[in-house]
Amino acid sequence: MTDKDVIRLYQKANRWDVKGLPNTIHDLRQFALAVIEEERERAVMICHDCRDWEYASEEIAFRIMNNG
């Protein structure tokens, strides 16, 4: 995820402008990476829970999009 992506998402969520604030951008990037890691772990657990299903792909997609 680029700094531009992080700034865009932060502005989308909060409507605050952080351009020109390098420490804030660094902190936001670290936060975004932590969120990505948590979401990946959640997706892995959902896949693991559905591992024995014959047609699990639709259920996995549904659970990921609907928070589990």
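Throughout, read-outs are computed from the coordinates displayed, never taken from laboratory work. Small disclaimer: the values here were computed from a predicted structure and weren't measured. Every residue, glycine among them, receives a Cβ derived from its backbone with ideal geometry; neighbour counts consider all protein chains shown.
Brief remarks on what is shown
- Neighbours by Cβ (under 9 Å, 6+ apart or cross-chain): first from the stretch 1-26, closer than 19 Å to GLU37 by Cα; second aromatic (Phe, Trp, Tyr) and part of a loop (DSSP other than H, G, I, E, B): TYR10/TRP16
- Counted residues, the stretch 9-32 - those being part of a helix (DSSP H, G or I) and exposed (fewer than 12 other Cβ atoms within 10 Å of the Cβ): 6
- Hits in the stretch 16-68 (condition: under 17 Å from LYS4 (Cα atoms) and not hydrophobic (A, V, I, L, M, F, W, C)): ASP17, LYS19, GLY20, PRO22, ASN23, THR24, HIS26, ASP27, ARG29, GLN30
- Residues of the stretch 19-41 that are more than 10 Å from the chain's Cα centre (by Cα) and either of a type in the set (Lys, Arg) or under 15 Å from MET65 (Cα atoms) (or both): LYS19, ARG29, GLU41.
- One residue from ALA61, ALA13, ALA32, ALA56 being touching a Phe, Trp or Tyr at 6+ places or on another chain (Cβ under 9 Å) and among the aliphatic types (A, V, I, L, M): ALA32
- Residues that are part of a helix (DSSP H, G or I), surrounded by fewer than 12 Cβ atoms within 10 Å (Cβ to Cβ) and not hydrophobic (A, V, I, L, M, F, W, C) within the stretch 40-68 comprise ARG40, GLU41, HIS48, SER57, GLU58, listed in sequence order.
- Among the residues of this structure, GLU59 does not count as one that is among the acidic types (Asp, Glu) and within 15 Å of the chain's Cα centre (by Cα).
- Here MET1 meets each of (1) surrounded by 10 or more Cβ atoms within 10 Å (Cβ to Cβ); (2) in a helix (DSSP H, G or I); (3) not charged (D, E, K, R) with one exception, condition (2).
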